[in-house]
Every structure is written in C-alpha cells, then in structure tokens.
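> Below you will find the structure I want to go over with you.
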Amino acid sequence: IASCLVGSEMCIRDRTTLILKDKVQALFAGLTSSSREAIRPIVRRSKIPYFYSSLYEGGACDRQTFVTGATASQQLSVLVKWAIKKYGPKVYIMAPDYNFGTISAQWVKLYAKEFGGEVVGADFLPLTLTDYSPTINKIQQARPDFVVALPVGANQTGFLEQMAAAGLKSRVGVVSTNYGGGNQQVVVSPQAGEGIVAALEYFAWLDTPRNKAFKASWEKAYGNKEPVTAVAVDVYNAVHLWAKAANKAKSAEPAKVIQAFEEGEGVAFDSPAGPVSMQPKSHHVRQNIYIGVGTKTQSFDIVETYASVAPKFEDQVCDLVAKPQTAQHFTPGASN
C-alpha cells in the first residue's frame with residue numbers, strides 16, 4: 001500500500017515508481033482534481049485499486065478508482081436547497097478556474113433551477129489572484145441573496161476576508177462545499193469566518209460516541225493543535241474500506257479486492273463521520289452530509305444532518321459492474 005496527498009509532478013512520478021517498480025497492491029493518493037486525473041490512467045494500466053479521498057466535482061468513473069470524498073451532487077443537492085430556503089433565490093458563484101470550480105458551478109446552476117433559484121452572476125478566477133475587488137463589485141451590482149464560494153488555496157481564501165471587509169456579509173449569505181474541509185476556518189479571521197455555511201461529509205465537532213473515540217485516538221497520536229479535517233477522515237475511511245474488502249476477498253490481490261467491492265451490497269464501515277458504504281456500481285460512497293455554520297471561535301455549529309446521501313449522479317451514469325471497461329469523467333447532463 002502507498003499513500004501520497006501532494007499534487008506535484010514529483011509526487012506523480014513517485015506514484016508511477018510505486019506502481020510499476022514496487023508493485024504496490026493499492027494506492028491512496030491525490031488531493032486536487034488535476035492530480036486525480038493524472039493518476040487514473042496509471043492505475044488503469046496497472047489494474048490496482050486507487051482511492052481518491054477528497055471532496056470533488058464528481059463524475060469520475062473507472063473500475064480501478066474508488067472515491068471516499070463527497071461529490072458535488074451530494075453536497076450541492078442539499079446545500080443549494082437549504083440556502084435558497086434560508087436566504088432567498090438569487091445566487092452568485094465564486095469559483096476557481098479549473099475543473100473543480102467550473103463543473104461545480106454547473107451543478108449550482110442545475111440545483112438552483114430545480115429548487116426555484118436563479119444564478120445572477122459567476123466569476124471563475126485564477127488561483128494566483130489576490131485582489132478580489134472586481135468580483136466584489138460584481139456581487140454588489142448583482143445583489144444576490146447568497147454567494148456559493150468555492151475558494152481553493154491561501155490566495156482564494158483571501159476572497160472571504162475581502163468580502164467581509166467590504167461589509168457584504170451583513171447583506172449576503174456565503175455558502176460553500178469546500179470551506180472548512182481543510183481547516184480554512186483557522187486561517188480566516190473570526191470576523192470573516194463567522195456565519196459562513198459549509199456542507200461537508202465530516203466536521204470535527206460531530207457529537208457522537210464514534211467521533212469522540214476517534215478524536216481521542218487522533219489526539220493521542222498527533223496532538224490537538226488543529227481540528228481533524230474532512231480529508232483526513234476520508235483517507236481513514238478509504239483504508240478501512242480497503243481492509244474490509246481484502247478481508248472479504250481473503251486476499252490483498254487487486255483483482256480480488258475490486259471484485260469484493262462489487263459483490264452483493266458492497267463494503268461498509270462505521271466511520272467517525274457516520275456510516276459509509278461503497279456503492280458497487282459507481283465506486284463512490286453513500287454517506288452523511290452535514291450543514292455547519294462558522295462561529296466566532298473558528299469552529300462550526302452543525303445545524304442540519306442529511307443521513308446516508310447517495311452519490312445519485314454517479315450511480316446514474318456509472319455502472320462498472322455492467323460496463324467494467326468504462327473510463328470516463330462524466331459531467332452534468334451526461335447519461336448512461
């Protein structure tokens with residue numbers, strides 16, 4: 001088994017070495033969508049199971065790829081409906097200018113229409129941008145009820161600070177499917193972070209016996225300087241799901257492990273985030289989605305729980321049991 005969460009070219013070369021030279025039997029790797037798309041062809045050729053453990057725009061479909069992060073359709077299906085009811089129907093999108101941002105924006109538009117909303121503007125911005133004055137001016141002119149903000153990296157997190165400084169937060173809601181997933185709330189000022197709404201598959205503040213026990217073990221091993229992230233739990237879930245599949249197959253041999261995931265009801269695990277189960281056909285997990293609201297203390301209050309949310313889009317377009325040769329990245333509007 002090998003793992004790597006760095007998205008650099010060097011790390012991708014290391015993965016190639018791990019697969020082709022070291023003959024690993026499973027790979028846990030990738031954080032960004034671009035790194036995932038670079039890895040998928042390598043694992044297809046080598047036919048080993050690859051686990052991608054990050055929230056993403058959804059739609060990746062091939063037999064070697066297993067996703068334990070949340071998809072855009074899982075998160076946005078509940079978040080957009082919740083936000084329209086909370087704030088009103090007018091939506092503005094701020095997103096990074098690559099596939100995570102642009103495809104997620106397509107989902108926002110689809111769900112806004114489905115739930116009676118309207119997208120009144122959108123900005124797709126480079127990751128290197130630091131001055132968000134033009135975007136803030138556009139938001140002021142469009143007068144949305146809420147902004148779907150999908151900031152990636154330190155520079156884009158600056159958008160939230162600049163929006164708060166402009167006084168917009170008192171008039172416009174801010175919601176996100178990735179804010180907080182990497183502990184952005186601890187680097188954003190309390191003033192900017194308070195009131196930001198996130199829809200995630202895990203928050204460290206879940207008040208359950210399973211999560212309390214997990215956090216106690218985590219703190220014993222790593223300390224408690226920062227809250228546990230959703231990505232960390234997604235990786236933890238991936239390793240446990242792989243182990244359960246290997247035990248089910250009575251083998252770590254890649255083909256047998258993949259077959260174990262696809263047989264019967266698939267493979268399930270009682271995770272710190274709640275029950276997760278790998279869907280045999282789509283290789284995505286059914287899992288809880290939580291709505292959290294940022295606080296003055298750089299934490300989240302969980303205000304809504306959506307239990308066992310299916311990866312509905314991926315289950316619709318991706319049937320790897322019936323079509324094991326599929327190797328595609330489906331986007332909104334795709335059909336089987």
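Since every read-out is calculated from the coordinates, none of them should be taken as a lab result. Please read all numbers here as calculations on a predicted model, not as lab measurements. Using ideal geometry, Cβ is built from the backbone for each residue, glycine included, and neighbour counts are taken over all protein chains shown.
> Treating the angle as unsigned and between 0 and 90°, give the value, to the nearest 10°, between the Cα long axis of helix 209-222 and the longest Cα principal axis of the chain.
The answer is roughly 80 degrees.
> For the range 237-336, what is the convex hull volume of its Cα atoms per residue in Å³?
Working: hull volume 13.2 nm³, N = 100.
Considering the Cα atoms of the range 237-336, their hull volume per residue is 132 Å³.
> Right, another one. Got a sec to turn the phi values of the range 191-196 into Karplus ³J(HN,Hα) couplings, 6.51 cos²θ - 1.76 cosθ + 1.60 with θ = phi - 60°, whole Hz, x for Gly and Pro?
With the stated coefficients, the range 191-196 comes to 5, 6, x, 4, x, 5 Hz.
> Please give the helix 9-20 orientation as an angle from the longest Cα principal axis of the chain, in degrees from 0 to 90, rounded to the nearest 10.
Tilt of helix 9-20: around 20 degrees.
> Starting from the exponent 0.38 and prefactor 2.2 Å, build the expected Rg for the range 220-282 from its residue count and divide its actual Cα Rg by it.
Values: Rg = 13.7 Å, N = 63, 2.2 N^0.38 = 10.6 Å.
So the Cα radius of gyration is 1.29 times the expected 2.2 N^0.38 Å.
> Quick one: which residues, 5+ away or cross-chain, put their amide H under 5 Å from the amide H of L125? H built at 1.01 Å from N.
A95, D97
> In whole angstrom, note down how far apart the Cα centers of the range 227-245 and the range 278-336 are.
Cα centres, the range 227-245 to the range 278-336: 15 Å.
> How big is the range 167-267 in terms of Cα radius of gyration and Dmax, in angstroms?
So, for the range 167-267, Rg and Dmax equal 18.4, 59 Å respectively.
> Can you pull a Stokes-Einstein diffusion coefficient for the range 280-331 at 37 °C (0.692 mPa s), Rh from Kirkwood over Cα pairs, as a whole number of µm²/s?
Values: Rh = 13.3 Å.
Translational diffusion coefficient: 246 µm²/s.
> Using the beta-carbon distance between A154 and K250 and R0 = 51 Å, what value does 1/(1 + (r/R0)^6) give for FRET efficiency, to the nearest 0.05?
Numbers: r = 46 Å, r/R0 = 0.90.
So the FRET efficiency works out to roughly 0.65.
> Still on this structure: In sequence order, what are the phi-derived ³J(HN,Hα) couplings for the range 302-315 according to the Karplus relation 6.51 cos²θ - 1.76 cosθ + 1.60 with θ = phi - 60°, rounded to whole Hz, with x for glycine and proline?
Calculated HN-Hα couplings, in order: 7, 10, 8, 10, 10, 7, 6, 6, 7, x, 4, 5, 5, 5 Hz.
> Can you list the lysines whose alpha carbon is less than 29 Å from that of K220, not counting same-chain residues fewer than 8 positions off?
In chain and number order, the partners are K212, K244, K296.
> Give the Cα extents of the chain along the principal axes, in whole Å, largest first.
So the extents along the principal axes, rounded to whole Å, are 58, 46, 38.
> Take every DSSP beta bridge with both residues inside the chain and express the antiparallel ones as a percent of the total, to the nearest 5. If you can, show how the numbers build up before the last one.
On the way: 21 of 47 bridges.
Roughly 45 percent of the beta bridges in the chain run antiparallel, per DSSP.
> Something else about it: Give the distance, in whole Å, between the Cα centre of the range 19-63 and the Cα centre of the range 145-182.
30
> Quick check: the angle from helix 133-142's long axis to the longest principal axis of the chain, C-alpha only, nearest 10 degrees?
Its long axis makes an angle of about 70 degrees.
> For the range 62-109, rounded, prolate or oblate, judged on the Cα gyration tensor with a ≥ b ≥ c (square roots of eigenvalues), a/c < 1.5 rounded, else prolate if a/b > b/c? List each step's numbers first, then the result.
Values: a/c = 3.54, a/b = 1.68, b/c = 2.11.
Oblate shape, in that a/c is at least 1.5 and b/c is the bigger or equal ratio.
> Fully extended, how many nm does the chain gain between T208 and A327 (0.36 nm per residue separation, minus their Cα-Cα distance)?
Values: separation 119, 0.36 × 119 = 42.84 nm, distance 3.82 nm.
Taking T208 through A327 to full extension adds about 39.0 nm, to one decimal.
> Quick one: Cα centre-to-centre distance for the range 249-268 and the range 84-104, in angstrom?
Here the answer is 37 Å between Cα centres.
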